[in-house]
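Here, each number is a calculation from the coordinates, and none is a lab measurement. Here the structure is a predicted model, which is why all the values come from computation and not from measurement. Virtual Cβ from ideal backbone geometry, glycine too; neighbours counted across all protein chains shown.
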Amino acid sequence: MGFSERVCQICGVSFNVGRIRTKDEPTKAGWGGRLRGNSPVFDPECEADGCANEERMIPEFVCHDGSVSEAEQAIEHLAGPSCISTSGYSGHRITWKEMKDCTQVQCLKYKASDWEPEPGDEDFVLQSRDAFLTGISTGAPDEFEVHRLEPVRHGVRDTPMTNELLDDDSEDGMPMHAQCFQVFRELSIRKFGRTDIDSLIDLWAQQGSMENRFDDFQETLDLQLVVHQLHRHVPGTEYMVAHPHDVEGLNDLIDRCTINGAAHTDAVFENSDDKAHVADPFASLPPELRLMLLLQLERTDVTNLRLVSRSFQQLPQKYFHNLITTEMPRVWEIDNQEPGTINWHQLWCALSAADGGAGVDELVRAWVTDGEYLHVSAEL
Ligand SMILES: [Zn+2]
Ligand SMILES: [Zn+2]
């Protein structure tokens, strides 16, 4: 039987993800997956413009079993701007800070019958009937096991792990990215008012799947693209390994939309007189009712309405606040912003522009993976 990779039970993505640094980045910005040990990515097949394969000295390092590897010479692939390697994500397409923690593992485990609380247990662990949370690994896992979990919780420093629990008496843990667990936690609190790890570990025990996280769960096309015996770093899928909370540049982007001083107006867009002669039945409605109407409409309908009704030529900031919270509900960073402190229209434009990279990614995927991506699409 060949190598069988464990993936994050929540997002379905491997922990053994590599990065190909650019020639201008420090050596710590490039690393391989588990099977490459501490070595960088080597890809003799990628001959894209600007790529290179160069020798690099790999210093000694501490293995998970505590032994120390010897320093050795390795050949490293360096990414050019058009790198098409699928052995690591290109430094030209995702920063190493954005990939922070993507190789680290945290597990949910069943409490043993003699499980006792210990200092550092969070409330949701103490309140859980069945489950507790381990520490977080310092590096990528082996095939079936994760090592060097920190801090050591309830004596668990190393643990086997699986995506499909086959034996009720198993010591296996349910593997997750710690950041994916934080997303689960946030959603669980919003939906149920608490972090419900009992339901999560029960779902894993009953429907955990080696094929697709959980039986009968929807699987995205992108997971089919990247999940193979070894993770395929398909250009255009970098977002799958980007840190979901620590989004580089997001707080600066929000700060740039903060309102300073009294120059701010609630009305977005200019009001022209070119429809002054057109009878407008909405003109008699108070602003509050007009806003209620706007909130019921699709964006394209609002665009059309602005073309025919002078009453809707200008839109209130609240309309754009609502757009962001409904169409981008995961931008939790704005949750605590007071409505009058942000230019919501400006923020909507900035977030939409940042999100526009997804369309470019689609093009890159079709280009790089050629027939295979088209084949996956054709299965829909
Ligand atoms: Zn994950
Ligand atoms: Zn390359």
Q) Any idea what the dipole of region 106-220 comes to, in debye rounded to 20, about its Cα centre with Lys/Arg Cβ at +1 and Asp/Glu Cβ at -1? A) 620
(Q) Nearest 500 deg cm²/dmol is fine: what mean residue ellipticity at 222 nm does the chain get from its DSSP H runs of n ≥ 4 alone, each adding -39,500 (n - 2.57), divided by its residue count? (A) -8000 deg cm²/dmol
Q | residue 114/residue 325 FRET efficiency (R0 51 Å; Cβ-Cβ; nearest 0.05) | A | 0.65
Q. Helix 344-355: angle to the longest alpha-carbon principal axis of the chain, degrees 0 to 90, nearest 10?
A. 40
Q | Neighbour-count order for 113, 87, 209, 199, fewest beta carbons within 10 angstrom listed first | A | 113, 199, 209, 87
**Q.** When each of 97/191; 23/97; 28/97 is checked by Cα-Cα distance, pairs over 21 Å
**A.** 97/191
Q. Where a Cα-Cα gap under 12 Å defines reach, which aspartates and glutamates qualify for residue 111, not counting those fewer than 8 residues away within the same chain?
A. 130, 169, 171, 172, 198
Q.
What would the Debye equation give as log₁₀ I(q)/I(0) for region 250-357 at q = 0.18 Å⁻¹, counting only Cα atoms as equal point scatterers?
A. -0.96
Q: Run the dipole for the chain about the Cα centre, Lys and Arg Cβ at +1, Asp and Glu Cβ at -1, nothing else charged, and hand back the magnitude in debye, nearest 20.
A: 1220
(Q) Across the chain, what fraction of all alpha-carbon pairs, as a whole percent, falls in each successive 20 Å bin from zero upward? (A) 23, 47, 25, 4, 0
Q | HN-Hα J in Hz across region 327-333 - Karplus 6.51, -1.76, 1.60, θ = phi - 60°, x for Gly and Pro | A | 8, 10, x, 9, 7, 5, 4
Q: Fewest Cβ neighbours within 10 Å first, please rank 78, 187, 203, 166 accordingly.
A: 166, 187, 203, 78
Q.
Of 295, 30, 83, which is farthest towards the positive pole of the chain's charge dipole, taken about the Cα centre with +1 and -1 on the beta-carbons of Lys, Arg and Asp, Glu respectively?
A. 295
Q.
To make sure I understand, if each residue's beta carbon is the centre and we count other beta carbons within 10 Å, what order do 227, 68, 41, 331 fall in, fewest to most?
A. 68, 331, 227, 41
Q) What is the Cα centroid distance between region 129-195 and region 307-348, reported in whole angstrom? A) 38
(Q) Please state the shape class of region 106-220: rounded when a/c is under 1.5, otherwise prolate if a/b exceeds b/c and oblate if not, all from the C-alpha gyration tensor. (A) rounded
Q | Degrees between helix 299-308 axis and first principal axis of the chain (Cα, 0 to 90, nearest 10) | A | 20
Q | Acute angle (nearest 10 degrees) that the helix 197-207 long axis makes with the longest principal axis of the chain, alpha-carbon atoms | A | 70
Q: Would you pull out the residues with amide H under 5 Å of residue 209's amide H, same chain only if 5 or more places away, H placed 1.01 Å from N?
A: 214, 215
Q) What nm distance separates the two modelled labels at residue 211 and residue 70, each placed 7 Å from Cα along Cα→Cβ? A) 4.6
